[in-house]
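Please read the structure below before turning to the comments.
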Amino acid sequence: MELKLPKAFKQKFSRAKSLTSELLFFEILSQQNNFDEALEKLCTAIIDFNRSHHPLWSDRSTFLGINILIPLSLKSDKYIPSLIHLLNSIHLDREMALSSDLDRLFNHHPWTPYTIELLTARATILKGKHGTKQVKQQLQTRSLQDFLETETNQNLLLEKLTEYALLHYSELGGEFNPEEVITHALKPFKGISEVFSYKSKFLRQSFIEHFPNYLPCHSHLFNDHHPR
């Protein structure tokens, strides 16, 4: 039996999202701090299963585990690397409500290294069906435009793009060459500023010329789930 969902709760979600008792259950449970460790263990088990089986679905629109890690990540952005790890275990060519789920995080948190990491992952290893479109939409928001006005934050974005482009290349197993990988990674971010465009061109050329020794690939996604 499905629980009756409060109207105020329904208004948090897009029409593409299936609203179920499970969704309500994890939204409430994630607000209770004493369950965080158990929820993380459950998500780790789901990721391990997905690595060797067809990914588990929560309902007709959502992969199992997203309804756990989205509310946890809303509570604290420290859970975002775990969310990336989960999404990296899923075939995102079948995504339906993922963009609206991730928009909840982008719209809730100020821009930080964690949220920039999620944005760059969405442009590379988590591109799926709608990743490029979602990144471009976020770049139209005033909050991200303001964040990227400073050179330090632009450098952070380029650093994360490099890291995830390297990871994406390794996951593709040579299907695309380094030039194609870094070009596709940078494409959604065109037009941020003249300085950023210049640095992007330098990054692209350097990535190609010095690959695979351009930068070490920080594989935190496959270790402790936490960035360096």
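The values are calculated or read from the model by the stated rules, or taken from the named source; none is laboratory data. This structure is a prediction, so every number in the text was calculated from the model and none was measured. Here the Cβ is made from the backbone with ideal geometry for all residues, glycine too, and neighbour counts use every protein chain on show.
Observations on the structure shown:
- Checklist (1) within 25 Å of residue 116 (Cα to Cα); (2) of a type in the set (D, E, K, R); (3) at pLDDT 95 or above applied to residue 48, failing item: (1)
- Residue within segment 61-68 that is part of a helix (DSSP H, G or I) and of a type in the set (Val, Ile, Thr) present: yes
- Where residue 19 falls short, out of the listed (1) surrounded by 16 or more Cβ atoms within 10 Å (Cβ to Cβ); (2) at pLDDT 95 or above: (2)
- Answer residue from segment 101-119, given it is of a type in the set (Val, Ile, Thr) and outside any loop (DSSP other than H, G, I, E, B) and is nearest to residue 158 (Cα to Cα) among those: 116
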